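Report on the following structure.
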């Protein structure tokens, strides 16, 4: 009879976490930052069609770093959850908090029960309306959930980007062009290369819009804002 | 991948998602079919469709309009009901039939299109939207045998062809495109008669609106199920323009102005 190998739970969790961290660090970074009218999402993404940032609901957006197929699945599940809730109850009952909780549960369950953890780190952001504050949730591969203030960074060398932004970020929400320049600068410094507008994926949750607040900024828009 | 709270599903249709995981929430009410004997004993049914809704093509797109009356037998159930819905940025839908399931289907169709757009990252084609609505009408067929008919009239601006389009349906989900104008509901025939007399190609926006309101007025004149303009309470039909610029509501002031002219002209004929 073959003896099963014994691996201590601590060791197993550590290995899994290491594995997931490595996978996530391989990618490029994404920044979510508050600005005057809502939240700005900036991703270093050379692909124009494979999105890292996307709309979930009226004032909620999603960003995923790590393995594309895995965060794409999470994104779709989030949209289904939000649309179902909005259809069953009312549009205003769909909240970023409940969505972030769902993601946290899912990621946590997969991390502890499956052989392979998900190599993803995700952001759920909600632009506050009627004087409610914005909400930025960062959810890690193991389901841990962090309620961030002012800005959040996931993927790639996220800690380096975070450190850079911490020094520079203004005390109150900046204008859109200031925020975007700040984000691009931080991404450029950690990536050690100049980023062209074509290589950026930029979107905003703009609370001044009516209905759905999510809007992608085109390459032209980004170029114009960066050169202003 | 198993996800708690988020059932495993692999399809871009919200309607299919509901049908599979939450059948009780679909307007068709799947799994709630009446027994066959029971259905047969009802015999040929008089389907209540007390409504007139219509759509007319014009230069820039389509105007879609509907009256505001809801009836229950010989009683008026609601004087201000909305029968014309904006579905997304380029399409609108008007409904005739049982009010509850109708409104539910409009809401479901709105969610369906938004859901697809978010999942796929692009908007469905005008044709695709019209076909999807046909499938939803077909799924409602069991309810038709219980007398709960939902009959939509769908209009969309086809961004690729750069023209407005009108689609009508039958209860089996059959989808037919109309080239110029169409009206459905109990007063549909009366409205179509008016439109047939006055319609021509390339109407201006103002002319199309005037014709739509005239047709509704004539329908209300001959059909008890259709409400006319209520001058005392200030309730006017709903109308929307569907064009390349999106969906635009026609304001009450504009509607009132058209009706005031029409009524003055008619009054002068009576004296």
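The values are calculated or read from the model by the stated rules, or taken from the named source; none is laboratory data. Note that the structure is predicted; figures quoted are calculated from it, not measured. Glycine gets a Cβ as well: all are built from the backbone with ideal geometry, and neighbour counts include every protein chain shown.
So the values come out like this:
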{"quantity": "Pairs where the first residue, in region B:240-257, is touching a residue at least 60 places away in the same chain (Cβ under 8 Å) and the second is surrounded by 15 or more Cβ atoms within 10 Å (Cβ to Cβ) and not in a strand (DSSP E or B), C-beta under 6 Å, 6+ apart", "calculated": "B:243/B:60; B:246/B:89"}
{"quantity": "Filtered residues of region A:61-100 (kept if at the interface with chain B (Cβ under 8 Å from one of its Cβ atoms) and out of contact with any strand residue (DSSP E or B) (no Cβ under 8 Å at 6 or more places or on another chain))", "calculated": "A:73, A:76, A:77, A:80, A:81, A:84, A:87, A:88"}
{"quantity": "Breaking point among (1) within 11 Å of chain B (Cβ to nearest Cβ); (2) surrounded by fewer than 17 Cβ atoms within 10 Å (Cβ to Cβ); (3) not in a loop (DSSP other than H, G, I, E, B), for residue A:116", "calculated": "(3)"}
{"quantity": "Which numbered condition residue B:222 misses (of (1) in contact with a helix residue (DSSP H, G or I) (Cβ under 7 Å, 6 or more places away or on another chain); (2) over 27 Å from residue B:140 (Cα atoms); (3) buried (at least 18 other Cβ atoms within 10 Å of the Cβ))", "calculated": "(3)"}
{"quantity": "In region A:89-113, the residues that are more than 12 Å from residue A:60 (Cα to Cα) and outside any helix (DSSP H, G or I)", "calculated": "A:89, A:90"}
{"quantity": "Of residues in region A:182-211 being in contact (Cβ under 8 Å) with a residue 24 or more places away in the chain and surrounded by fewer than 17 Cβ atoms within 10 Å (Cβ to Cβ), the one farthest from the other protein chains (Cβ to nearest Cβ)", "calculated": "A:189"}
{"quantity": "Residues satisfying the stated conditions in region B:175-207, i.e. assigned to a loop (DSSP other than H, G, I, E, B), in contact with a strand residue (DSSP E or B) (Cβ under 9 Å, 6 or more places away or on another chain) and surrounded by fewer than 19 Cβ atoms within 10 Å (Cβ to Cβ)", "calculated": "B:179, B:180, B:199, B:201, B:202, B:204"}
{"quantity": "Unmet requirement for residue A:129, which otherwise passes all of (1) facing chain B (nearest Cβ under 9 Å); (2) out of contact with any strand residue (DSSP E or B) (no Cβ under 7 Å at 6 or more places or on another chain); (3) modelled with pLDDT under 95", "calculated": "(1)"}
{"quantity": "In region A:81-101, the residues that are over 16 Å from the mean Cα position of the chain (by Cα) and crowded, with 21+ Cβ neighbours inside 10 Å", "calculated": "A:81, A:82, A:83, A:84, A:87, A:94"}
{"quantity": "Hits in region A:50-60 - residues which are within 9 Å of another protein chain (Cβ to nearest Cβ) and under 26 Å from residue B:104 (Cα atoms)", "calculated": "A:55, A:56, A:57"}
{"quantity": "Selection count, region A:36-48, where residues are part of a strand (DSSP E or B) and either out of contact with any helix residue (DSSP H, G or I) (no Cβ under 8 Å at 6 or more places or on another chain) or modelled with pLDDT of 95 or more (or both)", "calculated": "6"}
